[in-house]
Amino acid sequence: MERELEAIEGKLRGAEYSYKDCLREIEKEKRTKDPDWRCAVEMYESQRTHIMSEIRYLKQKKEKVEREIDDLNRELGGGSWW
């Protein structure tokens, strides 16, 4: 389970980085002189929305795995795993 938690945390870090990258790209596109900048911003906004959903899902999954680990540790007589 700890490996699963580490994998989730890695995916979460990647998603958070992608989210920040989208925000940077949106701001960059807004400053360009390109006539199609609105189209590019809409594309990045769509990606950002998808990434936000993924981040929420991963955070929920992480919390669930952490609770499961805590429950197992309590059953084994230990305390919190961290």
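Answer yes or no as to whether ALA40 is part of a helix (DSSP H, G or I), of a type in the set (Gly, Ala, Ser) and within 30 Å of ASN73 (Cβ to Cβ).
no
Give the number of residues within segment 41-77 that are more than 16 Å from the chain's Cα centre (by Cα) and small (Gly, Ala, Ser).
1
Residues to consider are ILE51, ILE26, ILE55; find the one that is within 17 Å of GLU6 (Cα to Cα), assigned to a helix (DSSP H, G or I) and touching a Phe, Trp or Tyr at 6+ places or on another chain (Cβ under 7 Å). Break it down stepwise before answering.
Working: ILE51 fails: within 17 Å of GLU6 (Cα to Cα); ILE26 fails: within 17 Å of GLU6 (Cα to Cα).
Of ILE51, ILE26, ILE55, the one residue that is within 17 Å of GLU6 (Cα to Cα), assigned to a helix (DSSP H, G or I) and touching a Phe, Trp or Tyr at 6+ places or on another chain (Cβ under 7 Å) is ILE55.
Tell me, yes or no, whether segment 15-34 has at least one residue that is in contact (Cβ under 8 Å) with a residue 40 or more places away in the chain, closer than 30 Å to ASP71 by Cβ and either of a type outside the set (A, V, I, L, M) or in contact with a helix residue (DSSP H, G or I) (Cβ under 7 Å, 6 or more places away or on another chain) (or both).
First pass over segment 15-34, keeping only residues in contact (Cβ under 8 Å) with a residue 40 or more places away in the chain: 15.
Subset that is closer than 30 Å to ASP71 by Cβ: 15.
Checking which are either of a type outside the set (A, V, I, L, M) or in contact with a helix residue (DSSP H, G or I) (Cβ under 7 Å, 6 or more places away or on another chain) (or both) leaves us with 15.
Checking segment 15-34: at least one residue is in contact (Cβ under 8 Å) with a residue 40 or more places away in the chain, closer than 30 Å to ASP71 by Cβ and either of a type outside the set (A, V, I, L, M) or in contact with a helix residue (DSSP H, G or I) (Cβ under 7 Å, 6 or more places away or on another chain) (or both).
Here, each number is a calculation from the coordinates, and none is a lab measurement. The shown structure was predicted, so the numbers you read here are calculated from the model rather than taken from an experiment. Ideal geometry is used to build each Cβ from the backbone, glycine not excepted, and the neighbour counts take in all protein chains shown.
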